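Take a look at the structure below.
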Amino acid sequence: MPAFGRTLASEFSKKLSNSATKRLPLTTKKAGKGFYKGKGGTKEGRHTSKGRYIIDPKKRVELIVPDLAGFKLKPYIAASASKRPLEEIGDFVPPGQS
């Protein structure tokens with residue numbers, strides 16, 4: 001016998017109700033146009049049974065940065081920079097040659 005006046009068909013329905021679909025994880029099909037869920041990140045440790053997080057040094061991301069002492073280039077490219085190589089421009093003079 002169906003509970004509280006619901007029909008037998010609704011008891012065996014595979015479709016979730018509207019209130020139940022709101023509790024599901026947000027997907028790209030349910031979200032707006034600009035939604036990007038991401039690819040996920042690497043886990044650098046594990047959770048313990050006590051709710052703490054232990055970081056594993058083997059799983060840590062190691063960034064290898066070269067020594068930039070005496071490096072003359074700037075860390076950005078200006079918007080006004082030419083998109084063509086300097087050799088293609090007719091009046092190009094390499095630095096140090098006048």
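Computed values, structure above
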{"item": "Under 25 Å from the Cα of K74 - lysines, other chains or at least 8 residues apart", "result": "K83"}
{"item": "Spin-label pair I64/T42, simplified geometry with 7 Å Cα→Cβ offset, distance in nm", "result": "1.3"}
{"item": "Proximal lysines to K37, defined as alpha-carbon separation beneath 26 angstrom and excluding residues fewer than eight positions away on the same chain", "result": "K15, K22, K29, K59"}
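Values in this text are rule-based calculations from the coordinates and carry no lab data. Given the structure is predicted, the values throughout are model-derived calculations rather than measurements. No Cβ is skipped: glycine too gets one built from the backbone with ideal geometry, and neighbour counts run over all protein chains shown.
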